[in-house]
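Everything on this sheet refers to the single structure shown next.
The values are calculated or read from the model by the stated rules, or taken from the named source; none is laboratory data. None of these values were measured; they are calculated from a predicted model. So basically every Cβ, Gly included, is an ideal-geometry build from the backbone, and we count neighbours across all protein chains shown. Calculation scope for accessible area: heavy atoms of the full protein, side chains included, ligands and nucleic acids excluded. Shrake-Rupley method; radii C 1.70, N 1.55, O 1.52, S 1.80 Å.
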Amino acid sequence: MNFITAASLGKILNRWGSTLLAATLVGATPSLASAQTNVTANLSKSLGDVVVQDTKGWVRRDDPAMVKWRDDRFGIMIHWGIYSVAGGWWNGKEVKGAAEWIKAFAHVPNADYDQLVGQFNPTNYDPVAWAKLFKATGAKYVVITTKHHDGFCLWDSKFTDFDIAATPYKKDLIKPLAEALRAEGIDVGLYYSIIDWHNPDYRASLKTPEDKIAYARYLVYLKNQVKELLTKFGPVTTIWFDGRWDSSYKSNPQTGQDLEAYCRSLSPGIVIGDRVRAYDAMADYNSGYERKLPVTQPLTDWECCMTMTENAWGYHRTWTGNGWKTPGDICELLTRCAAMNGNFLINIGPKPDGSIRPEEVARLDRVGAWMKINHDAIYGAEAFPIKDLPEGIYATRKGDHVYLIAFRWPDTDKLKLAGVSIASASLLTADGAKPIAVEGGNTLVGLPMESPDTIAAVLALELKD
Ligand code: H79
């Protein structure tokens, strides 16, 4: 593996910094921007942007598996399990908060919660159709919950009966999806919760010698299951751990170090987020941007995972949270990630019968239509800071191309980009790239009065050597 340190990355970023460009608008035309809502500002407010610049000893991986993950930029997260049967309701009452947390939020005893196992029967599950939908969305990888905090396993595990084999459906849900995804050229990522509310050996804290003995047994169980995940389903490119905050895990960094090393021993090249670690180190990337974006460009690789609603990952029947993000919101979040060297996962919570709710399908379809035209600005793209870009326009770079992704169309027909030397420019459209005239090597002229795309139009600039 080739590594470069955070310090040397800093130098590279400084090199980018020295090529900062200045963009200025020239020529005033009637404002179209005023008619558009400021999605970015609204999202920033509701999500609470964060600044996390502690690299915790991160070393940049540049081996092929990591480069692929970094270039992918866009994935889909799936939260599915027996909590989907409850769908955010317990005993005839809606339970507020994330639907996959219902056992904790509604204080459901094990014996009652276990009844959901007998009701989980996803007869409409069609992993091939899922994979085709994700492909059409433009997703390059998928991360599915194999076990969430409730401890229920979506595959037939040798080490517990609290799994899919105990349901009326009986059949493993993970392998057919892994195979269907790979058939579409989509990488397979598996989410696994460290927290386990079902296994009697799990402990949130280690207060007594008995706790320590039980938790040691739990860690053996966890590793046995991780081994199943990394050996039974063909190549797994990412293992996505979650739930590291209980003191049993976080008070002993050795536990996370061992788990990370164990995964790498089973699957060299696997990409692992920093949630595998007890806050002591970064692993391959910062996976902490949960429903949040960084304010400034992180120094490490990073990934944001995002709900379509305010905070429900698993299926919630009557979600009455803070509304649904629009397809434009989702494209803008993806773009903001790519423009800050990050990856983006958009979440869906399939229904207990295996179907995907129409609100989610409609959003994935529309995002896919946008990606079909504009994907060059996202895949393999990296940050390209341009000073004074108008608000709502983001820039990425790939090779000798810079992409301006305009969620708010400039209220001018001329856009001057000082300090850049443009060989040619074009507008990406459904009918192919349309040439845009360039004046003086740095000014785009004759821009259409209105955005040619209702979500965001992309201007592709070919730079001179
Ligand atoms: O799987 C999704 C969520 O269910 C899971 N991560 C995503 C991907 C997640 N669960 N909780 N969190 C994320 C946030 C953690 C909240 C906490 Fe707490 C605050 C943990 C400890 C303090 C609330 C209060 C939960 C436990 C105590």
- Query: Given the conditions (1) without any contact (Cβ under 8 Å) to a residue 60 or more places away in the chain; (2) open to solvent by 20 Å² or more (accessible area, probe 1.4 Å); (3) in contact with a strand residue (DSSP E or B) (Cβ under 6 Å, 6 or more places away or on another chain), which single one is not true for SER421?
  - Reply: (3)
- From the options THR412, THR396, residue that is in contact with a strand residue (DSSP E or B) (Cβ under 7 Å, 6 or more places away or on another chain), crowded, with 16+ Cβ neighbours inside 10 Å, of a type in the set (Ser, Thr, Tyr) and over 19 Å from ASP72 (Cα atoms): THR412
- Message: Can you tell me which of (1) closer than 17 Å to LYS56 by Cβ; (2) open to solvent by 20 Å² or more (accessible area, probe 1.4 Å) is the one ASP274 doesn't meet?
- Response: (2)
- Query: What pairs come up if the first residue lies in the stretch 241-261 and is more than 21 Å from GLU228 (Cβ to Cβ) and open to solvent by less than 10 Å² (accessible area, probe 1.4 Å), the second is modelled with pLDDT of 95 or more and within 14 Å of the ligand (Cβ to nearest atom), and their beta carbons are under 9 Å apart, counting only those six or more places apart or on different chains?
  - Reply: SER248/ALA204; SER248/SER205
- Query: Restricting to the stretch 427-452, what's the tally of residues that are touching a helix residue (DSSP H, G or I) at 6+ places or on another chain (Cβ under 6 Å) and outside any strand (DSSP E or B)?
  - Reply: 1
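In this structure, does TRP319 turn out to be free of Cβ contacts under 8 Å to residues at least 60 places away in the same chain and not assigned by TED's automatic domain parsing to the domain that holds ARG408? Reasoning before the result, please.
On the way: free of Cβ contacts under 8 Å to residues at least 60 places away in the same chain: no; not assigned by TED's automatic domain parsing to the domain that holds ARG408: yes.
No.
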- Note on the structure: For the stretch 232-257 the number of residues that are within 12 Å of the ligand (Cβ to nearest atom) and touching a Leu at 6+ places or on another chain (Cβ under 6 Å) is 0
- Task: State all residues of the stretch 241-259 that are among the aromatic types (Phe, Trp, Tyr) and either within 17 Å of ASN286 (Cβ to Cβ) or outside the structural domain of LEU219 (by TED's automatic domain parsing) (or both); if no residue qualifies, say none.
- Result: PHE241, TRP245
- Determine whether LYS103 is within 14 Å of the ligand (Cβ to nearest atom) and either open to solvent by 10 Å² or more (accessible area, probe 1.4 Å) or hydrophobic (A, V, I, L, M, F, W, C) (or both). yes
- All but one of (1) more than 16 Å from the ligand (Cβ to nearest atom); (2) touching a Leu at 6+ places or on another chain (Cβ under 9 Å); (3) not in a loop (DSSP other than H, G, I, E, B) hold for CYS304; which doesn't? (1)
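Return yes when ALA129 is away from the ligand (no atom under 16 Å from the Cβ), free of Cβ contacts under 8 Å to residues at least 12 places away in the same chain, hydrophobic (A, V, I, L, M, F, W, C) and open to solvent by 10 Å² or more (accessible area, probe 1.4 Å) and no when it is not. Steps first, answer last, please.
On the way: away from the ligand (no atom under 16 Å from the Cβ): yes; free of Cβ contacts under 8 Å to residues at least 12 places away in the same chain: yes; hydrophobic (A, V, I, L, M, F, W, C): yes; open to solvent by 10 Å² or more (accessible area, probe 1.4 Å): yes.
Against the criterion (away from the ligand (no atom under 16 Å from the Cβ), free of Cβ contacts under 8 Å to residues at least 12 places away in the same chain, hydrophobic (A, V, I, L, M, F, W, C) and open to solvent by 10 Å² or more (accessible area, probe 1.4 Å)), ALA129 qualifies.
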- Query: Looking at the stretch 84-100, which of the residues that are in a helix (DSSP H, G or I) and more than 10 Å from the ligand (Cβ to nearest atom) is nearest to ALA312 (Cα to Cα)?
  - Reply: SER84
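Take the residues in the stretch 314-365 that are aromatic (Phe, Trp, Tyr) and within 16 Å of the ligand (Cβ to nearest atom), then tell me which one is least open to solvent (accessible area, probe 1.4 Å). Spell out how you get there, then give the answer.
So the first thing to find is which residues in the stretch 314-365 are aromatic (Phe, Trp, Tyr), and the list is 315, 319, 324, 344.
Within this subset, residues satisfying the condition of being within 16 Å of the ligand (Cβ to nearest atom) are 315, 319, 344.
Working: TYR315: 25, TRP319: 49, PHE344: 0 Å².
Per the criteria, the residue is PHE344.
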- Task: Kindly indicate the residue of the stretch 54-83 that is of a type in the set (Gly, Ala, Ser) and either assigned to a helix (DSSP H, G or I) or within 16 Å of the ligand (Cβ to nearest atom) (or both) and also surrounded by the most Cβ atoms within 10 Å (Cβ to Cβ) among those meeting that condition.
- Result: GLY81
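Could you run through the stretch 285-300 and say how many residues are under 17 Å from MET77 (Cβ atoms), part of a loop (DSSP other than H, G, I, E, B) and open to solvent by less than 10 Å² (accessible area, probe 1.4 Å)? Explain how you work it out, then say what you get.
Step one: of the stretch 285-300, the residues under 17 Å from MET77 (Cβ atoms) are 285-293.
With the extra rule that they be part of a loop (DSSP other than H, G, I, E, B), the set shrinks to 291-293.
Among the residues that remain, those that are also open to solvent by less than 10 Å² (accessible area, probe 1.4 Å) are: 293.
Of the residues in the stretch 285-300, 1 are under 17 Å from MET77 (Cβ atoms), part of a loop (DSSP other than H, G, I, E, B) and open to solvent by less than 10 Å² (accessible area, probe 1.4 Å).
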- Among the residues of the stretch 157-199, the number that are part of a loop (DSSP other than H, G, I, E, B), open to solvent by 10 Å² or more (accessible area, probe 1.4 Å) and within 16 Å of LEU230 (Cβ to Cβ) is 3
